[in-house]
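Written below as structure tokens is the structure these notes are about.
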Ligand code: NAP
């Protein structure tokens, strides 16, 4: 439907995307900002239809879209312009449709992750990143640009080596102690009996990490965060990271300051 009749449209492209809390978060924010005629919706799109769907969104009244698994690399590829950080990371989670129909790509996962931390990471501090997928790329890049010494562990070691090599981090085969531990794998999304072992972690040694962050979000604490809480670590959960990356996307689309508290309440109310 054209924008003039229905108001600007926004959405999240993924496959699957049913689990996403972005619609409730963004629609609460849009209402709070007085943008009641804007709408944010789920856009389930399989990989083979991603590029043609994205190219049709401007004509259907869309101002912007978030992009989640498995489309983040394709989102960068489909855009005419992109921020330096999206290019450096090699993936985009935020698309903006310009008035002339061209597509601009950004990656707000990286600054959103940094904004979710209790304090900016100190240059020279250390971090261990678990995972070598799209979100790990954004987190490793964010921490490297902050001057953090980053080690990357992944179930498939070759992927850790490739990511670490591209971004200047170090690939490791076992989990070394660090100031910050970040789970960037999908482990913990479902209830799993041995989640920590899947991640080369031992609950007894989690106190070796001052702060533990988990990108996975769900209604109960993830196994990593539950064990980290017992070990007395400071915690950063995936819901807060979702809020922070979403706030930056919303500001890019509307030009207005994002209502962080409203977004946080909407995400945590499920
Ligand atoms: P991805 O590109 O598909 O990467 C998945 C990663 O998980 C890979 O490193 C993979 O290792 C690892 N993995 C999967 N199953 C595993 C298992 N059983 N044991 C050990 N490792 C396993 O996914 P992504 O885009 O990086 O996203 C990862 C998670 O972060 C997802 O749950 C996503 O929802 C979440 N996320 C949250 C936010 C937020 O705002 N909170 C933002 C982005 C992503 P291999 O290489 O060995 O396969």
Any hit, region 197-211, residues being under 30 Å from residue 83 (Cβ atoms) and surrounded by 18 or more Cβ atoms within 10 Å (Cβ to Cβ)
yes
Residue that is farthest from residue 112 (Cα to Cα), among those in region 134-162 that are touching a helix residue (DSSP H, G or I) at 6+ places or on another chain (Cβ under 8 Å) and in a loop (DSSP other than H, G, I, E, B)
155
Would you pick out the residues in region 121-142 that are more than 16 Å from residue 185 (Cβ to Cβ) and either in contact (Cβ under 8 Å) with a residue 60 or more places away in the chain or more than 15 Å from the ligand (Cβ to nearest atom) (or both)?
121, 122, 123, 124, 125, 126
Do we find that residue 115 is assigned to a loop (DSSP other than H, G, I, E, B), under 17 Å from the mean Cα position of the chain (by Cα), within 13 Å of the ligand (Cβ to nearest atom) and not assigned by TED's automatic domain parsing to the domain that holds residue 260 in this structure?
no
Note down all Cβ pairs under 7 Å where the first residue falls in region 19-31 and is over 13 Å from residue 269 (Cβ atoms), the second is in a helix (DSSP H, G or I), and they're at least six residues apart or on different chains.
22/246; 26/246; 26/250; 29/250; 29/262; 29/263
Which condition from (1) in contact with a strand residue (DSSP E or B) (Cβ under 9 Å, 6 or more places away or on another chain); (2) at negative phi is the one that residue 131 breaks?
(2)
Counting residues that are more than 9 Å from the ligand (Cβ to nearest atom), which helices (runs of 4 or more DSSP H) fully inside region 174-265 reach at least 3?
223-230, 238-254
Would you check if residue 252 is outside the structural domain of residue 93 (by TED's automatic domain parsing) and surrounded by fewer than 22 Cβ atoms within 10 Å (Cβ to Cβ)?
no
Take the residues in region 3-38 that are under 19 Å from residue 101 (Cα atoms) and surrounded by fewer than 20 Cβ atoms within 10 Å (Cβ to Cβ); name whichever of them is modelled with the highest pLDDT.
8
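The values are calculated or read from the model by the stated rules, or taken from the named source; none is laboratory data. As the structure is a computational prediction, the values presented were derived from the model and not from experiment. As a convention, Cβ positions derive from the backbone with ideal geometry for all residues, glycine included, and neighbour counts pool all protein chains shown.
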